[in-house]
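For reference, the structure discussed in these notes is given below.
No value in this document is a laboratory result; all are computed from the given coordinates. Because the structure is a prediction, the values reported are computed rather than measured. All Cβ positions, even for glycine, are placed from backbone atoms using ideal geometry, and neighbour counts span all protein chains on display.
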Amino acid sequence: MASLLRQIVSGPRARHPEAGLDLCYVTDNIIATSGPSGTYPQLAYRTPLKQLVKFLDEKHGDQWAIWEFRAEGTGYPDSEVYNRIYHYPWPDHHPPPFALIPLIMGSMRNWLKGEDGKGENASSEKKERVVVVHCKAGKGRSGTVSCSYLISQEGWTVNDALARFTERRMRPGFGAGVSIPSQLRWVSYVDRWTKGGKRYVERGVEILEVHVWGLRDRVKVSVEGYVDEGRKKDVIHSFTKEERSVVREEKKGQGVLASAAQVVGQERDKRRARGKTSGEEKVPTNGMSTGESIARVEEEGALRKARTTYEDLQEEEGGGDIVFRPKDRVITPTGDVKIDFERRNKGVSGLTMITSVAHVWFNGFFEGDGPERDGHPLESDVFEMEWDKMDGIKGSSRKGTRAFDRLAVVWKAVGDAERSGTVITMPEEGEGIRDTKPADWRGGEDKDSDRDLGEEVESLASAGESRTSLTRTKETESIRRGQEEREKEVEGPGIDAA
């Protein structure tokens, strides 16, 4: 049963034909695997840690070491892998804080070339060394790092590196190994970083304006960034109604409401006409004639249909063009910036339903052409993105109903007078390279905060009211705890959240 569960969980990923484990050799010295576990219940469906260690010992002796990227925790203590493990964790489904890239690349290179990532000399016995990279599924984060190493250390092109990882990691016909748009953007950043001399300047980014074309109603717009060495992402700012300027309002006149009302009227006339000409009369149970009863029931059906039609028309008609300008300065801790969108529709239960989730990451150094300008990027620029190219839900392409059409972020780097930029260069061979603080291996530090479609969150209007009658789920509890901060958050142009 456990073996069957592991096969189901590994799904589209190729398994090693000899070991029967969820791992692959990207190259002769880079192994990618899903996150192993040594404890239940994860042991029932994850790669058994003991089997993985046994395989590596038999194939590579003591010449293997692990690089892990799990902000949610590895699932095992370091001692279970002889302490030959390097920690560079960041959240699932997202690109790495770019400041980690030189450290990861340098430590992997040092190990493979005979020096371990902390600068200690290797044993005199020469045997082909390997690095083992893993995240949770051994796909997005592991693929981003594997491709980055091939590009920056082995001279591969972006396309060749991505194609190799897909070929070795995925079963045929099951998509790309690295598929999340922002992770692919980071791989292209690594290529430019390599061509630009592997010099990176870490500076905070100030968000001056966020322009959104076709913004639908009930959309929350936020700016996020990495904290705690990249182990966590944090909301830096959520825009409020007071920070919103309407450039072009939603289409009026024969718009969505008028069209929906017209549909209701047409359906009502048809149903009532049918009720009056109905040849078969039955005794009504509600005091109305049979024809009136039929008309009433079918009219209610028409109303339900009209609500669906309203949503469809809303999708087609588009929203307003909006500019968000923060009242106070919004500065990200690092050069990595996330713009996040969440759309919610209110239900009669006092809760609102998440109907759209999308985000995008960019880095100010690279969007300011830092590698092409000898490490001196533009002080300000505009980052643009279309809805269809945004990151979806939990690493997928699903985003739900369209929340906007196009996005432009006006940003500037934080100047030296306010916060000096940190120049990060590629470590020299043999140089001692630190790893970062690991997450608790038992898990629980970084609960998956990414939302999903259909999750219910508390209505803004009901915040502070008695919640004893509300349905409590694991997904809604974390959202409720921060509800007070949401009372002033924007819900976009159009219908207000009363």
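Numbers at a glance
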| quantity | calculated |
| --- | --- |
| Projected label distance in nm at Lys50 and Asp388, using a 7 Å step from Cα toward the beta-carbon | 5.2 nm |
| Which listed pairs, of Lys54/Lys139; Lys113/Lys195; Lys139/Lys389; Lys198/Lys394; Lys233/Lys346, have C-alpha distances above 24 Å, in listed order | Lys198/Lys394; Lys233/Lys346 |
| In range of the label at Val423: residues from the range 191-206 whose backbone nitrogen is under 15 Å from the point 7 Å along Cα→Cβ | 197-203 |
| Nearest-0.05 FRET efficiency for Glu249 and Ser380, computed from C-beta distance (R0 35 Å) | 0.75 |
| Residues in the range 212-238 that a label on Arg329 would reach, taking backbone N under 17 Å of a point 7 Å out along Cα→Cβ | 236-237 |
| The range 130-203 versus the range 342-397: alpha-carbon centroid distance in Å | 20 Å |
